[in-house]
Structure formats: C-alpha cells, structure tokens
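Have a look at the structure below before the remarks.
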Amino acid sequence: MPERDDLPPRVTLPLLDLVQRQALDEDYLVAAERRAQRATEPGTHADVRRGSGHPRRVAAVAVMVFGIMASTAAVQTQRNASVADEGRASLLARIDGESDRVARLQEQIADLREANADSEQQVLALSEQQQSLTARLRRLQVRTGFVAVRGEGVRVIVTDEATGTPDGAVKDEDLALLVDGLWAAGAEAISVNGQRLTAASAIRVSGAAIEVNGVGIASPYTVLAVGDKGSLQANFYDTSSGLAFNDLSQRYGFEVDMQNEDELSLPSARPSMRVLRWADEGSSQDGKPRKSEEVEP
Amino acid sequence: MIAVLGLAVGVLLGVFLEPDVPLGLEPYLPIAVVAALDAVFGGMRAYLDGIFDDKVFVVSFVSNVVIAAGIVYVGDKLGVGGQLSTGVIVVLGIRIFSNVAAIRRHLFHA
C-alpha cells in the first residue's frame, strides 16, 4: 500500500475516473505553469502578451477548420441520407415489381399446370385412339395383303385330274369358290401359288391359263390360308362355297389335298397392287382406306 | 471573439462550398469531428480557467483528430472498426461532458 501512494494517479485510477478527471488536457496546466515561471523572471513580458496577441489567430484557424469539418460531415450525412433514401425507395419499387411478377408467374404456373393436365388427358385419349387405330391398320394390312404374314393355317393343293380331260381341269371358278370358302371360314390371309390375294385381287381365266393378280398360274395350285388351323377346315366345309367346291371336286375328279400347317409364310402383294391410285383418304372417321403413305412399302 | 468568428466562417465555408471528401477518408470524418469537438471544448474550458494556450490547443486539436481517425482506420483494417469507433466515441463523449460541465460551472457559477 505505501508504495501505491508514490504512483501517479494515471496508474492508480480506474479508467473511467481517469478519463473524467483528465478531461482537460494536462498540457494546458503545464503550459500555464511554465508561463507563470517565465513571468516571474524579469524581461519576459512579451511572452505573456503572446497568449492574447497574434497567435490567437492560429486557434481561430483551428476552430475554422473544425467548423469546416463539422459542416462538411453534416452536409455529407444529409446527402448520403438522401441517396440512401432514394436507394431504399428504388429497392422497394423493385421489390414490389418483382413480387408482382412472381404472382403473375405463379398464376402462369397454375395455368400451365392445368393445361398440362388437360394435355396429358388428351395424350392418353389420343394414344388409346392411336393404339386402336394401329391395331385396326394391322388388321386391315393383313386382310388386304399390304404386309407379308406368317402363322398357322391350312395348305390346300388342287391338281388337275390325272387323265387330263378338259372337264377334270381346275377352272378359275373352282379356285374362286375355294378362296371364297376359305375367307368365309375365317382365313385371315390367302395366297395362291405365291400370289397374295388382296381386296383388289381377281381370279380369272385368260385363254387356257388362270390368272391371279394378273399373273398366269398353272396346276398344281397351292392355296395357303392363314387362320385357326383347328377350325379352318371344318368351317370351310360348312360354308356354301366350300360345299360347292367339294361337290365340284367330287364331280370332276380333280384332286384336293388339304392339310393343316403350323407355320405358313405368305408374301405381301406386289407393290403395284398396294398403291392407291384414285382413292383418297376419306374425311369421316370410319373411312376404310388409311393414308396411302402409311401403307407405302 | 475571433475564435467564434472563425467558427462561423468555417461553418459557412463548409455549407456553401461543400468540399468533397476523398472516398477513402469519408468514414473517418465523423469520428474526426467528434475528436475535434473534444479539443474545442477542452480549449474553451482552458480559456475560462484562464490557462488557455493556443499552441497546446492547436496541438491537441490536430493530434485528437489524427489519433481518432487513425484508431478507427486501424480498427477497420483489423475488422473491429465499429467497436473501436464506439470506444473512441465513449471516451471522447465522457471528456466532452465533463468539460462542458466545467464550462457550465464557470458560466453559471453553479
């Protein structure tokens, strides 16, 4: 404790007390003491006057600098405040605009979602439709000979009578009866001697030879019919055409060999047979001809 | 009197000329003003105490301004500029208040 008394107050005092007590710069006191000392010495009166003479201007200049600084700071703060205000206002405006946009966009999103759902519904319906149309196209292509087909069915081989009498020869009507009977019995595709039958096919006679699709063929006639091999033969003999064909074969004696086959392979019709030259696609939904581009080979 | 005149002239100059402060010094101007305010009040109190000395006043003015701005500058560089300027303002504020209290005692004898 005793040595504490020797220490100067700036060491022993708490900081805040020190700050408060030394609010006035000690230098003023020191300078005043020095001046007082000099004043007591003779011949230094000029020094005392110095305190209130020309040097006062230096203090005035310092005060002026202070004024400039203070007013500059104030002006600047004000200016910055206006700039900040403007910035805030513009930011607020932007926020308003952007949130408007967000609302609009959200509305748009809702609309688009709805449209999406509608479109999906539509896609569903359309793909269903497309499926049914594709199936139908497939069916029609098979029936009309637009594509080569493969499958189980019946092979019928018809041969002229062995003796070669004109009555025993197979006629175009006989073949037509056979083919009609097979169609009626449920055949899905038929070919005669490699000539695929289409809706436009004809079996007719030209001189002595029989023509199918405009191509002459001769005995033996091989008729391939794709269909249910379990029922095709039985059904064939149930149809009137089949019965008539059977009668004719019995009466004139040409040979008929009908056999089930597990695997038949039928070619497609000739390209010239498949082109639609005059028919155009109908506008109604149930129009039977499909787009000719689709069936082009 | 001449000091008051100087203050008026300085304020008018600042208001009408609107001197541009360099952008780098801008953050330190307010703290420098507070430091200068401390020096001015100190000088006023010394004047009323009868021990005013212009040399001491000018030196304390300049050093106050420079040191206050310097401390805040260093604080800014260290990332504690805000806290340091708070500390500087607290200390200067205490000094200003006690100086003003002394001045008040002088003027109103209370």
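The values are calculated or read from the model by the stated rules, or taken from the named source; none is laboratory data. None of the values given here were measured: they were computed from a predicted structure. FYI the Cβ positions are ideal-geometry reconstructions off the backbone, even for glycines, and counts take in every protein chain you see.
Whether a residue is among the β-branched types (Val, Ile, Thr) and either under 11 Å from the mean Cα position of the chain (by Cα) or within 24 Å of B:GLY10 (Cβ to Cβ) (or both) was assessed, and B:VAL72 passes this test. The single residue among A:VAL147, A:VAL212 that is surrounded by 16 or more Cβ atoms within 10 Å (Cβ to Cβ) and closer than 22 Å to A:GLU263 by Cβ turns out to be A:VAL147.
With the structure loaded, tell me whether B:LEU107 is within 11 Å of chain A (Cβ to nearest Cβ), surrounded by fewer than 18 Cβ atoms within 10 Å (Cβ to Cβ) and either over 20 Å from A:THR77 (Cβ atoms) or touching a Gly at 6+ places or on another chain (Cβ under 6 Å) (or both) or whether it fails that test. It is false that B:LEU107 is within 11 Å of chain A (Cβ to nearest Cβ), surrounded by fewer than 18 Cβ atoms within 10 Å (Cβ to Cβ) and either over 20 Å from A:THR77 (Cβ atoms) or touching a Gly at 6+ places or on another chain (Cβ under 6 Å) (or both).
Across segment A:138-158, the number of residues qualifying as assigned to a helix (DSSP H, G or I), in contact (Cβ under 8 Å) with a residue 12 or more places away in the chain and among the basic types (Lys, Arg) comes to 1.
The conditions of being within 7 Å of another protein chain (Cβ to nearest Cβ), not acidic (Asp, Glu) and not in a helix (DSSP H, G or I) are not met by B:ILE94.
Looking at A:SER231, A:SER272, A:SER240, just one residue is among the hydroxyl-bearing types (Ser, Thr, Tyr), within 41 Å of the chain's Cα centre (by Cα) and exposed (fewer than 14 other Cβ atoms within 10 Å of the Cβ), and that residue is A:SER272. Out of B:TYR28, B:TYR47, which single residue is surrounded by 14 or more Cβ atoms within 10 Å (Cβ to Cβ), at pLDDT 85 or above, touching a helix residue (DSSP H, G or I) at 6+ places or on another chain (Cβ under 8 Å) and of a type in the set (Phe, Trp, Tyr)? Within the list B:TYR28, B:TYR47, the selection yields B:TYR28. Scanning segment B:21-36 for any residue that is farther than 29 Å from B:GLY87 by Cβ and within 7 Å of chain A (Cβ to nearest Cβ) turns up nothing. Of the strands (runs of 3 or more DSSP E) lying entirely inside segment A:159-275, those containing at least 2 residues that are under 17 Å from A:ARG143 (Cα atoms) span A:189-192, A:221-226, A:255-266.
Here is a check on your reading of the model: is A:ALA70 within 14 Å of chain B (Cβ to nearest Cβ), within 30 Å of B:ALA3 (Cβ to Cβ), modelled with pLDDT under 85 and surrounded by 11 or more Cβ atoms within 10 Å (Cβ to Cβ)? Taking the combined requirement at face value, the residue does not satisfy it.
Matching residues to (1) under 20 Å from the mean Cα position of the chain (by Cα); (2) closer than 30 Å to A:THR222 by Cβ:
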residue: A:GLY87; (1), (2): no, no
residue: A:ILE95; (1), (2): no, no
residue: A:ASP100; (1), (2): no, no
residue: A:ILE109; (1), (2): yes, no
residue: A:VAL158; (1), (2): no, yes
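Test B:VAL40 against the criterion of being assigned to a helix (DSSP H, G or I), at negative phi and crowded, with 22+ Cβ neighbours inside 10 Å, and give yes or no. The answer is yes for B:VAL40. Assessment of segment B:50-58 against the conditions (assigned to a helix (DSSP H, G or I), of a type outside the set (A, V, I, L, M), at the interface with chain A (Cβ under 8 Å from one of its Cβ atoms) and under 13 Å from the mean Cα position of the chain (by Cα)) yields at least one matching residue.
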